[in-house]
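Here's the structure we're looking at; comments come further down.
The values are calculated or read from the model by the stated rules, or taken from the named source; none is laboratory data. Everything quoted here is computed from the prediction, not taken from an experiment. Please note: Cβ atoms are built from the backbone with ideal geometry, for glycine as well, and neighbour counts cover all protein chains shown. To get the accessible areas, we keep the full protein, side chains included, count just its heavy atoms, and leave off ligands, DNA and RNA. Shrake-Rupley method; radii C 1.70, N 1.55, O 1.52, S 1.80 Å.
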Amino acid sequence: MDGGVPNIKKWVVVYPVYINSKKTIAEGRRISVEKGCENPTCIEIGDCCSHLKLPFAIEIDKAYPRDFMQVGRVRVLLKREDGSLCNPAIPS
């Protein structure tokens, strides 16, 4: 991309189902139940990224591949192209 517009295609993708404590690992949850939250939305994940001062982009028109009823995802930039962290307090 040119003109200073970031290439969000390389950013980390976070689907709400990844952190949904109501889902099982087979349904797509990627973190422990204790660290998850109930039925998160893309907007809430975006608010968290904003609070943590991480660049993010909400893609509301995308769906989770395993369940097309789970709509929306968030792209987050954790590391810049040179490998440096966007927010050194958040390594992953």
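Across the stretch 28-62, what is the total count of residues that are acidic (Asp, Glu) and either in a loop (DSSP other than H, G, I, E, B) or touching a helix residue (DSSP H, G or I) at 6+ places or on another chain (Cβ under 9 Å) (or both)?
Result for the stretch 28-62: 4.
Of the residues SER50, SER84, the single one that is open to solvent by less than 60 Å² (accessible area, probe 1.4 Å) and either at positive phi or free of Cβ contacts under 8 Å to residues at least 12 places away in the same chain (or both) is SER84. Has the stretch 1-10 got at least one residue that is under 21 Å from LEU77 (Cβ atoms), modelled with pLDDT of 95 or more, surrounded by 13 or more Cβ atoms within 10 Å (Cβ to Cβ) and aliphatic (A, V, I, L, M)? Within the stretch 1-10, none of the residues are under 21 Å from LEU77 (Cβ atoms), modelled with pLDDT of 95 or more, surrounded by 13 or more Cβ atoms within 10 Å (Cβ to Cβ) and aliphatic (A, V, I, L, M).
Within the stretch 63-81, the set of residues being part of a strand (DSSP E or B) and either in contact (Cβ under 8 Å) with a residue 24 or more places away in the chain or open to solvent by 80 Å² or more (accessible area, probe 1.4 Å) (or both) comprises TYR64, ASP67, PHE68, MET69, GLN70, VAL71, GLY72, ARG73, VAL74, ARG75, VAL76, LYS79.
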